[in-house]
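Presented below is the structure to which this report refers.
The values are calculated or read from the model by the stated rules, or taken from the named source; none is laboratory data. Nothing here was measured: the structure is a model prediction, and the numbers come from that model. Here the Cβ positions follow ideal geometry from the backbone for every residue, glycine too, while neighbour counts run over all protein chains shown. Quick note on the areas: whole protein, heavy atoms, side chains included, nothing else; ligands and nucleic acids left out. Shrake-Rupley method; radii C 1.70, N 1.55, O 1.52, S 1.80 Å.
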Amino acid sequence: MSSSRPRAEHDPTFGEKVLAFNAGLRFDAPLPPGIEVMNPFLGSPCAQAASAAFYRKYYADHRERHIILGINPGRFGAGLTGVPFTDPKRLASACDIHIAACAPAHEPSSVFVYEVIEAMGGPAAFYRDWYINSICPLGFVRVDAKGGKKNYNYYDDRSLEEAATPFMLECLRRQLAFGIRRDVCFCFGTGKNAAFIERLNAEHGFFGRVVALEHPRYVMQYKSREKDAYIRKYVTLLSAAAQGEAG
């Protein structure tokens with residue numbers, strides 16, 4: 001079970017540490033042609049208000065938590081709200097956080113994640129034990145000739161992955177100091193994201209082990225008929241880890 005850590009009298013809460021971390025995120029490495037950084041914490045009224053309300057609601061404590069790492073933020077989830085795998089619709093309907101600056105938007109990954117969260121007792125219960133982010137906390141988009149933008153993963157271009165690796169390592173180290181349990185890390189994505197995180201873990205020894213789960217987007221796009229089975233898998237593995245039984 002997660003526990004409260006010994007702390008100094010004025011030690012910031014877990015949530016305040018997350019908000020300070022987000023506010024300082026900058027990506028200054030060279031980018032491949034046609035790729036732009038997506039930083040929702042720079043000048044987005046929706047992300048600033050939504051993330052502040054979210055982390056002060058669910059993380060106003062000093063509890064230790066396990067971490068789940070996605071790939072990088074998508075345009076219609078964390079790219080809008082500043083909260084990983086939480087689109088504006090789930091922010092309102094599941095978290096009861098209503099931000100006027102956030103236009104309604106739908107992200108399939110968020111739909112799946114919040115079905116898992118509901119199966120684990122709802123947001124208040126889930127976020128007491130879990131902290132979700134992405135191995136790359138800032139997103140990327142590819143801009144086409146007409147100015148259209150599409151989500152882009154850090155591993156979609158080898159030069160981008162290499163440029164982003166120091167940033168990702170520093171971000172992970174900083175987040176571990178929030179009060180992250182180190183016995184096991186879960187990641188979304190059983191392919192390239194899992195391989196990358198497992199390689200970093202082998203080199204730096206961040207966690208006792210890394211457990212890869214099928215990415216929520218993959219489940220929603222390709223395995224929707226089996227969604228309930230994937231929800232059960234998530235619940236079984238995450239519940240065991242929260243109870244100290246992973247391994």
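Suppose a student asked you for the relative contact order of the stretch 154-225, using Cα pairs under 8 Å spaced at least 6 residues apart; what percent would you report?
29 percent
Averaged per residue, what accessible area in Å² does the chain show with a 1.4 Å probe, protein chains only?
45 Å²
Students often get this wrong: which residues of the stretch 36-74 have the backbone nitrogen under 20 Å from the point 7 angstrom along Cα-to-C-beta of Ala92?
Within reach of a label on Ala92: 44-55, 57.
Students often forget the sequence filter, so: which aspartates and glutamates lie under 17 Å Cα-Cα from Lys146 once same-chain residues fewer than 8 apart are removed?
Within the straight-line cut-off, Lys146 pairs with Glu36.
Can you give the convex hull volume of the alpha carbon atoms of the stretch 7-89 per residue, in Å³?
In the stretch 7-89, the Cα hull volume divided by residue count equals 124 Å³.
Counting alpha carbon pairs within less than 8 Å and at least 6 residues apart, what relative contact order, in whole percent, applies to the chain?
24 percent
At a Förster radius of 41 Å, what calculated FRET efficiency corresponds to the Cβ-Cβ distance of Lys150 and Asp11, to the nearest 0.05?
FRET efficiency, Lys150 to Asp11: 0.50.
Let me have the 222 nm mean residue ellipticity of the chain computed from DSSP H runs of 4+ only, each contributing -39500 (n - 2.57), with the sum over all residues rounded to the nearest 500.
-13000 deg cm²/dmol
Using a simple spin-label model with points 7 Å from Cα along the Cα→Cβ vector, what separation in nm is obtained for Glu226 and Arg142?
With each label placed 7 Å out from Cα toward Cβ, I get 2.7 nm.
Averaging the inverse of every distinct alpha carbon separation and then flipping it gives the Kirkwood radius. What is it for the stretch 60-153, in angstrom units?
About 14.1 Å, per the Kirkwood formula over Cα pairs.
Over all directions, the average projected area of the alpha-carbon convex hull for the chain comes to how many nm²?
13.3 nm²
Calculate what fraction, in whole %, of the accessible area of the stretch 1-153 sits on carbon and sulfur atoms when a 1.4 Å probe is rolled over the protein chains.
55 percent
Rounded to a whole number, what % of the accessible area of the stretch 178-236 do carbon and sulfur atoms account for, probe 1.4 Å?
Carbon with sulfur: 46 percent of the solvent-accessible area.
Sequence neighbours fewer than 8 away in the same chain don't count; with that in mind, list the lysines whose C-alpha is under 17 Å from Lys17.
List returned: Lys57.
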